[in-house]
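Trainee: Structure below; questions to follow.
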There are 6 protein chains.
Amino acid sequence: MRENTIQSIWADGGAVLNGWLAIPSSWSAEVLANQGWDSLTVDMQHGLADLSQALSMMQAISTTSTIPLVRVPWNEPGVIMRSLDMGAYGVICPMINSRAECEAFVGACRYHPDGYRSLGPTRARVYAGADYMQHANSTVLTFAMIETSEAVKNIDEIVSVPGLDAIYIGPNDLRLSLMGEGGADNEDPEFMEAIDKVFAACKQRGVRIGFHTASVAYAQKMIDRGAQFVTVMSDSALLAAASSQVVTAFKEGGSAATKGGTLY
Amino acid sequence: MRENTIQSIWADGGAVLNGWLAIPSSWSAEVLANQGWDSLTVDMQHGLADLSQALSMMQAISTTSTIPLVRVPWNEPGVIMRSLDMGAYGVICPMINSRAECEAFVGACRYHPDGYRSLGPTRARVYAGADYMQHANSTVLTFAMIETSEAVKNIDEIVSVPGLDAIYIGPNDLRLSLMGEGGADNEDPEFMEAIDKVFAACKQRGVRIGFHTASVAYAQKMIDRGAQFVTVMSDSALLAAASSQVVTAFKEGGSAATKGGTLY
Amino acid sequence: MRENTIQSIWADGGAVLNGWLAIPSSWSAEVLANQGWDSLTVDMQHGLADLSQALSMMQAISTTSTIPLVRVPWNEPGVIMRSLDMGAYGVICPMINSRAECEAFVGACRYHPDGYRSLGPTRARVYAGADYMQHANSTVLTFAMIETSEAVKNIDEIVSVPGLDAIYIGPNDLRLSLMGEGGADNEDPEFMEAIDKVFAACKQRGVRIGFHTASVAYAQKMIDRGAQFVTVMSDSALLAAASSQVVTAFKEGGSAATKGGTLY
Amino acid sequence: MRENTIQSIWADGGAVLNGWLAIPSSWSAEVLANQGWDSLTVDMQHGLADLSQALSMMQAISTTSTIPLVRVPWNEPGVIMRSLDMGAYGVICPMINSRAECEAFVGACRYHPDGYRSLGPTRARVYAGADYMQHANSTVLTFAMIETSEAVKNIDEIVSVPGLDAIYIGPNDLRLSLMGEGGADNEDPEFMEAIDKVFAACKQRGVRIGFHTASVAYAQKMIDRGAQFVTVMSDSALLAAASSQVVTAFKEGGSAATKGGTLY
Amino acid sequence: MRENTIQSIWADGGAVLNGWLAIPSSWSAEVLANQGWDSLTVDMQHGLADLSQALSMMQAISTTSTIPLVRVPWNEPGVIMRSLDMGAYGVICPMINSRAECEAFVGACRYHPDGYRSLGPTRARVYAGADYMQHANSTVLTFAMIETSEAVKNIDEIVSVPGLDAIYIGPNDLRLSLMGEGGADNEDPEFMEAIDKVFAACKQRGVRIGFHTASVAYAQKMIDRGAQFVTVMSDSALLAAASSQVVTAFKEGGSAATKGGTLY
Amino acid sequence: MRENTIQSIWADGGAVLNGWLAIPSSWSAEVLANQGWDSLTVDMQHGLADLSQALSMMQAISTTSTIPLVRVPWNEPGVIMRSLDMGAYGVICPMINSRAECEAFVGACRYHPDGYRSLGPTRARVYAGADYMQHANSTVLTFAMIETSEAVKNIDEIVSVPGLDAIYIGPNDLRLSLMGEGGADNEDPEFMEAIDKVFAACKQRGVRIGFHTASVAYAQKMIDRGAQFVTVMSDSALLAAASSQVVTAFKEGGSAATKGGTLY
């Protein structure tokens, strides 16, 4: 079975740099798959791709060695299993607030006897190899999103679910839940206190820590704190920012912004 | 009829900043339409959109006041007319090398008696208003791409075609044609000599000058030289560059790259 | 944040005329968005659009000031939240039969602390403005469909759910449930008795009343009775009826049917 | 081979009622295919469908006995032949202004030795039967659009092209060409004079006459004058008109407009 | 209402040969619909089609008398009801392990008072006829997949649910559940013991038996044992096998493999 | 630049086995890309894929080392250049009947100074590598289809066009042109005489020979005769044949047909 290089990076003590795909296009996915991200996540929750677009995006990613992941819209077995059958090597599931929700999520990603995933890995077998079914349970990664105060409260129970590989911090929702307002890359004491609690629980159980961020600087702070998987912005956000830089530079008559660009 | 604000900018002596859409997605188009570009061009030649995607991209652009343009794959009446019927407020046509080719192109964009465009502006009438047919010939813009040594040689005849609003320099092909190799933002004497000749011919005839560039700095140089319409990179190129900056900054442990980003 | 003009109409004591989109096309959506409906609902339950088509349909609607709504296929948080992130300014949810179902539905439409909607309004922020997150809970409308005898029985509990803006009568299912057979625009005593009970409960709680109808006449009767939001037929039904009129008039040799039409 | 019932209607001395599809959706196509039109034309010129959508629209039409036709974007062999391979039973080609253009068009629709159509009727063979190749040349219909003064001038030569089954009047373009302004259903003397000339030439050669109209009344006038194939409005136009009737009736408080409608 | 010929075959004591569609294309669906399968199932679980593609695939199937079925991704009312509204004449639902799950599934397929399916059979009414609503409950078929040891244990309760027409054996999952490893067409005693128990329960209740197989030989064995509905491979698997035969024959220099083929 | 392994096979004296894609799906394309074909051709002429589907099909093929080719609908520069920009490593162009047509075709595939292809290899550069522009002219393959008696007559002039890599026999059209009826895998003397003439002309000029066939046996005969590139059937035809075998075996009660199959 094709290796999940996220596991290799982790085994080597490294941290994974993950890209985030909100644009529902196999072309933008292929562009990003050639930029050096360790993995790319097709976001079917707040991103705009549906499953059929996720399929062609994962095919585009599979032209490279970048690892394809998905974020599913909700903790619903149908979409989780279909994403895996299409070749996702990991699933990020939003809003896991309790042990029961985490069990339902992880179970949907694991074949019997570890879970209740239905057997029929149509494209996954093509992508991963003929022995997919033998190794999928230990290769496909499960990320439970921790993004509410309730999840923080239940963190010990959540991370104790067998088969959970990692948690993934959704800072926007988590800050909203804790402090009444969202916001990226924050270091408010109240927020950081919750983060510390979550990180500690994960470390105790050997569960990896993922974090959604809006800058390399913050991502690296979180890695220093213990995260091993970080996302920095989304393709939409990167595109908007780069686009805005050009427009601003142009309107200000400046020129620094895009030195050395290419045409296409 | 809805105003073509490119014409207003020109009437005010300004230069138009045009964005370039190679990603075939209405979402990335809508993101860019909200960044302040004066116009956005759906590229159906080297870009990945076909007509059906161009339709939804133009609809997305039409949620804002940004002007929708297209670059057609080739000087072929079918695709030119369909783009206009879908609401494009201007057409950039590649590889116009002679007066006859320019006449064929411009004629496809103009109703009788100025040309041979077929009457049936299905979506254009919705986008532009019920009086579209009365004003389309003077509102829809025609850009002939000048990108070969042959076109430079024939420039006086090309720009003398009635109804041609602008030329558009394709520097990659033009440099290849002149010097045996492509390349953006170049200022090689041989290239600049050709540019000067083209600019002079345009100015004499009152034909506007557009230029495809890879940086704000170069775009502004060309404006200083006489261009009134500049493109700076494409969405794909902006996305790749922004993505690459993040990856590089992360791998180098740096942090400057994406300060102040957003999550989605 | 962009105003939800449905609220303004209601504030002015008016009734909203809503159009219904069963055809999964951004073009038919844009055509209807230019005909004067106050709002348009992309029907993902009995209509044919999926989420990815709903996105381009809502983009097409957003070229006008018509308010985009969706009917979701079922009371499932994933599809409700995704529709809102794509810019829907209201959600009509089928088959709300109990207070618990209503709470689950409304909660999926509201950010913390009013509900459990996940924060990441990708396109909604572009459509509505940068302050979307501050005002979404009071701007996005929730419509619970009342279409079974059980719902009628539980109507007081259903309409008492905080955050519920309106109910929406599904007469086909409701008549089936009450009388064993569906049917539009009926005024059977048994049906009207249920309607009266529902209307009364809504009025007591200040919950608005929506009604799915098949004619202007019936819609106006329901408005007279207290409804403030009415749908008249769907695009499919309008198209079939208009088409059938032409065919019938042609086959009968008549000519009245389509005087004054247009070609496209 | 499946019969082309347009030919049967003509053989019986009848006139064909053709519907017009500008909405690129297999669902609206299927709705119209069930309303009693004799044939339906997927319009890939001023309509919004591309070839891939035309395929699914023709499949939807093929669930009924309605005959599927296409209007191609331009007189270009690639799109003509592909439409036929997808199962179109006739092609309407815009802007045929000369004998040479007509020969190029008709030749693209006919196998050797009658033309130069390439052999490979992928879906057509499934739709029409295994003997498609033997009978296609005499079953597939060719309609040359007559819509310029030049075409009227050359009408005798155009209709003398062997294999041309019918002409099709495009009144919008024709009136523009003759009188400087488009317009449907007109009976201006100058326009009618041209029509009479075209009709006469067709009758002499046994070429059938088609006409694009905006009302049953006008269509029947043209049939009385000699037309045997008429289109009345498009799906977009029918939908817009029906939609506008509802909105107007509602705003006026009237009720007559949509008595007897259905919900979906 | 259009007859469900699966019921006629069963009434005649015959067994249904069902084809399986994993390729999300209306063209491959139409090709298979012309090969003589009694029914075709669009697989939205392990297959790659989503609902929007299933729509055009069912339209393609409806050009023939082949019966269209779907396998839904999961026991979720939204997708079940939408499939039926799109014209599916039967639903195969995965992973039915208890009476409660079976009731939820069957209820989603039946109108009041037999279930809770919402009334609005948009395309189904076009496909089946205007009296669809009167006959749908007795025409649309329900297949509960039996594919876990738990389901085998609960088989008597499952098959006693009123309105359940058939079970459908998923041998891959069932063998995994029983014996720790998947596998098609197996006759292991442990597996066959479970099968015998399931078949016996079905026969006692008059519930039909369906079976997913990988060969005609095994399918016929299961028919001999009591199955009345068999699937043999999927389109993907057939295509891969046929393709592999050609490649192998070519590389071995053999020639037997594809005698008598066609080009397209 | 990524190697074109067709050239390596030819350099080694081997013959290329090419698969043919008429089904417009990235999934069937990926299935076939994993079966051992040396190259796969997306057929946009008689096949059903348009350019946008060809893009995702070529992305799917690019997950393997199989070489992606296209057949374009017609000798039209727009579609030829777009296919190449999307990453096709060769173009098969139908109906090349003269030296001028061949020059137009080959020129569209070659950058200056060898042709007039426009520079902007958007996806090709990602697929092939950053030095694509330097090596494309010698890596991208051009196949001119020889399929009429006129082409046979002009074969010497056609194959003398510089930059033409190969011809490709279209036997269906060629037989129709020569003998009045199409047909695959024929060895009629009249047909073979033409073939011999074409093969001889190619050998003299060092132009490779491709052949469209319907069986391995015939393909190998043509290889023995001098062909170095053979196609055996299309995906549609393989699927129809495999499907038909199952149905026939089932209806005959036989069992040999699909021994050893798989489920998905």
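The values are calculated or read from the model by the stated rules, or taken from the named source; none is laboratory data. None of these values were measured; they are calculated from a predicted model. Here the Cβ is made from the backbone with ideal geometry for all residues, glycine too, and neighbour counts use every protein chain on show.
Trainee: Just to be sure, is A:Leu48 in contact with a Gly (Cβ under 8 Å, 6 or more places away or on another chain) and crowded, with 24+ Cβ neighbours inside 10 Å? Outline the logic, then answer.
Mentor: On the way: in contact with a Gly (Cβ under 8 Å, 6 or more places away or on another chain): no; crowded, with 24+ Cβ neighbours inside 10 Å: yes.
So A:Leu48 fails the test.
Residues are listed down the side, and each one gets a yes or a no for (1) crowded, with 24+ Cβ neighbours inside 10 Å; (2) within 20 Å of F:Met44 (Cβ to Cβ); (3) in contact with a Pro (Cβ under 8 Å, 6 or more places away or on another chain):
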{"site": "D:Gly87", "(1), (2), (3)": "yes, yes, yes"}
{"site": "D:Ile92", "(1), (2), (3)": "yes, no, no"}
{"site": "D:Met95", "(1), (2), (3)": "no, no, no"}
{"site": "D:Ala104", "(1), (2), (3)": "no, no, yes"}
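Trainee: Given A:Arg110, A:Arg82, which one is more than 17 Å from A:Ser236 (Cβ to Cβ) and surrounded by fewer than 24 Cβ atoms within 10 Å (Cβ to Cβ)? Explain how you work it out, then say what you get.
Mentor: On the way: A:Arg82 fails: surrounded by fewer than 24 Cβ atoms within 10 Å (Cβ to Cβ).
Checking each option against the conditions leaves just A:Arg110.
Trainee: Of everything in the stretch D:150-178, what is in contact with a helix residue (DSSP H, G or I) (Cβ under 6 Å, 6 or more places away or on another chain), more than 9 Å from every other protein chain (Cβ to nearest Cβ) and either in a helix (DSSP H, G or I) or charged (D, E, K, R) (or both)? Give them in sequence order.
Mentor: The answer is D:Val152, D:Ile155, D:Asp156, D:Glu157, D:Ile158, D:Val159, D:Leu178.
Trainee: I'd like the full set of residues that are in contact with a strand residue (DSSP E or B) (Cβ under 7 Å, 6 or more places away or on another chain) and of a type in the set (Val, Ile, Thr), limited to the stretch A:1-57.
Mentor: Across the stretch A:1-57, the qualifying residues are A:Thr5, A:Ile6, A:Ile9, A:Val16, A:Thr41, A:Val42.
Trainee: A follow-up question, please. Give just the number: which of (1) more than 20 Å from the chain's Cα centre (by Cα); (2) part of a loop (DSSP other than H, G, I, E, B) does D:Ile96 not satisfy?
Mentor: Failing condition for D:Ile96: (1).
Trainee: Are any of the residues in the stretch F:11-18 small (Gly, Ala, Ser) and within 13 Å of chain D (Cβ to nearest Cβ)?
Mentor: Applying the first criterion (small (Gly, Ala, Ser)) to the stretch F:11-18 yields F:11, F:13-15.
Keeping just the survivors that are within 13 Å of chain D (Cβ to nearest Cβ) gives none.
Within the stretch F:11-18 (the criterion being small (Gly, Ala, Ser) and within 13 Å of chain D (Cβ to nearest Cβ)), the answer is no, since none of the residues qualifies.
Trainee: Oh, and also: Could you check the stretch D:186-200 and list, in sequence order, the residues that are crowded, with 21+ Cβ neighbours inside 10 Å and acidic (Asp, Glu)?
Mentor: none
Trainee: Identify, from the list A:Met145, A:Met58, the residue that is under 18 Å from the mean Cα position of the chain (by Cα) and within 14 Å of chain C (Cβ to nearest Cβ). Give the steps one after another, and end with the answer.
Mentor: Working: A:Met58 fails: within 14 Å of chain C (Cβ to nearest Cβ).
Just one listed residue meets the conditions, A:Met145.
For (1) modelled with pLDDT of 95 or more; (2) in contact with an Asp or Glu (Cβ under 9 Å, 6 or more places away or on another chain); (3) under 17 Å from C:Arg110 (Cα atoms), each residue gets a yes or a no:
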{"position": "C:Thr142", "(1), (2), (3)": "yes, yes, yes"}
{"position": "C:Met145", "(1), (2), (3)": "yes, yes, no"}
{"position": "C:Asp156", "(1), (2), (3)": "yes, no, no"}
{"position": "C:Asn172", "(1), (2), (3)": "yes, yes, no"}
{"position": "C:Ser177", "(1), (2), (3)": "yes, yes, no"}
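Trainee: Can you say whether E:Val198 is part of a loop (DSSP other than H, G, I, E, B), in contact with a helix residue (DSSP H, G or I) (Cβ under 9 Å, 6 or more places away or on another chain) and of a type in the set (Val, Ile, Thr), as far as the supplied structure shows? Show your work before the answer.
Mentor: Values: part of a loop (DSSP other than H, G, I, E, B): no; in contact with a helix residue (DSSP H, G or I) (Cβ under 9 Å, 6 or more places away or on another chain): yes; of a type in the set (Val, Ile, Thr): yes.
No.
Trainee: Got a sec? Which of D:Ala217, D:Ala256 is modelled with pLDDT of 95 or more and either more than 7 Å from chain C (Cβ to nearest Cβ) or more than 25 Å from D:Ser25 (Cβ to Cβ) (or both)? Can you show your working first?
Mentor: Working: D:Ala256 fails: modelled with pLDDT of 95 or more.
It is D:Ala217.
Trainee: Mind counting the residues in the stretch E:179-200 that are without any contact (Cβ under 8 Å) to a residue 12 or more places away in the chain, within 12 Å of another protein chain (Cβ to nearest Cβ) and more than 20 Å from the chain's Cα centre (by Cα)?
Mentor: 2
Trainee: Next up: Of all residues in the stretch D:61-103, how many are within 12 Å of chain F (Cβ to nearest Cβ) and among the aromatic types (Phe, Trp, Tyr)?
Mentor: Summing the residues that are within 12 Å of chain F (Cβ to nearest Cβ) and among the aromatic types (Phe, Trp, Tyr) in the stretch D:61-103 gives 1.
Trainee: Going by the conditions given, is A:Ser234 at the interface with chain B (Cβ under 7 Å from one of its Cβ atoms), surrounded by fewer than 20 Cβ atoms within 10 Å (Cβ to Cβ) and at pLDDT 95 or above?
Mentor: Numbers: at the interface with chain B (Cβ under 7 Å from one of its Cβ atoms): yes; surrounded by fewer than 20 Cβ atoms within 10 Å (Cβ to Cβ): no; at pLDDT 95 or above: yes.
When the stated conditions are applied, A:Ser234 does not pass them.
Trainee: Residues of the stretch C:51-69 being surrounded by fewer than 24 Cβ atoms within 10 Å (Cβ to Cβ) and over 19 Å from D:Val247 (Cβ atoms), which ones?
Mentor: Correct list: C:Ser52, C:Gln53.
Trainee: Next question. Only residues that are at negative phi and out of contact with any helix residue (DSSP H, G or I) (no Cβ under 6 Å at 6 or more places or on another chain): list them for the stretch F:91-108, please.
Mentor: Restricting attention to the stretch F:91-108, the residues satisfying the condition of being at negative phi are F:91-94, F:96-108.
F:Ile92, F:Pro94, F:Ser98, F:Ala100, F:Glu101, F:Glu103, F:Ala104, F:Phe105, F:Val106, F:Gly107 - these are the residues of the stretch F:91-108 that are at negative phi and out of contact with any helix residue (DSSP H, G or I) (no Cβ under 6 Å at 6 or more places or on another chain).
Trainee: Which condition number in (1) buried (at least 18 other Cβ atoms within 10 Å of the Cβ); (2) touching a Leu at 6+ places or on another chain (Cβ under 7 Å) is the one that E:Ser149 fails?
Mentor: (1)
Trainee: Could we say that E:Gly107 is outside any loop (DSSP other than H, G, I, E, B) and touching a Lys or Arg at 6+ places or on another chain (Cβ under 9 Å) here? Give the steps one after another, and end with the answer.
Mentor: On the way: outside any loop (DSSP other than H, G, I, E, B): yes; touching a Lys or Arg at 6+ places or on another chain (Cβ under 9 Å): yes.
Criteria met by E:Gly107.
Residue-wise test of (1) part of a helix (DSSP H, G or I); (2) surrounded by 20 or more Cβ atoms within 10 Å (Cβ to Cβ); (3) more than 8 Å from every other protein chain (Cβ to nearest Cβ).
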position: D:Cys202; (1), (2), (3): yes, yes, yes
position: D:Gly210; (1), (2), (3): no, yes, yes
position: D:Lys221; (1), (2), (3): yes, no, yes
position: D:Ala240; (1), (2), (3): yes, yes, no
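Conditions (1) in contact (Cβ under 8 Å) with a residue 12 or more places away in the chain; (2) within 22 Å of A:Pro24 (Cα to Cα); (3) touching a strand residue (DSSP E or B) at 6+ places or on another chain (Cβ under 8 Å), marked per residue:
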position	(1), (2), (3)
C:Asn75	yes, no, yes
C:Ile80	yes, yes, yes
C:Cys93	yes, no, yes
C:Asn97	yes, no, no
C:Phe105	yes, no, yes
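Trainee: Based on this model, can you work out whether D:Gln35 counts as closer than 23 Å to C:Met57 by Cα, of a type outside the set (Gly, Ala, Ser) and more than 11 Å from the chain's Cα centre (by Cα)?
Mentor: On the way: closer than 23 Å to C:Met57 by Cα: no; of a type outside the set (Gly, Ala, Ser): yes; more than 11 Å from the chain's Cα centre (by Cα): yes.
So D:Gln35 does not fit the description; no.
Trainee: Going by the conditions given, is B:Ala11 more than 17 Å from the chain's Cα centre (by Cα) and among the hydrophobic types (A, V, I, L, M, F, W, C)? Full working, then the answer.
Mentor: On the way: more than 17 Å from the chain's Cα centre (by Cα): yes; among the hydrophobic types (A, V, I, L, M, F, W, C): yes.
Answer is yes for this residue.
Trainee: Output the number of residues of the stretch B:113-138 satisfying the condition of being outside any helix (DSSP H, G or I), more than 8 Å from every other protein chain (Cβ to nearest Cβ) and surrounded by fewer than 23 Cβ atoms within 10 Å (Cβ to Cβ). Outline the logic, then answer.
Mentor: Taking the stretch B:113-138 as the starting set, the residues that turn out to be outside any helix (DSSP H, G or I) are B:113-121, B:129-131.
Next, from what is left, pick out any that are more than 8 Å from every other protein chain (Cβ to nearest Cβ): B:114-115, B:117, B:129-131.
With the extra rule that they be surrounded by fewer than 23 Cβ atoms within 10 Å (Cβ to Cβ), the set shrinks to B:114-115, B:129-131.
Going through the stretch B:113-138 one residue at a time, the tally reaches 5.
Trainee: If you don't mind, another one. Residue pairs, Cβ under 9 Å, 6 or more apart or interchain, first in the stretch E:25-37 and over 15 Å from F:Gln53 (Cβ atoms) and within 8 Å of chain F (Cβ to nearest Cβ), second assigned to a helix (DSSP H, G or I) and modelled with pLDDT under 95. List them.
Mentor: Close Cβ pairs (under 9 Å, with a partner that is assigned to a helix (DSSP H, G or I) and modelled with pLDDT under 95) amount to E:Gly36/F:Lys251.
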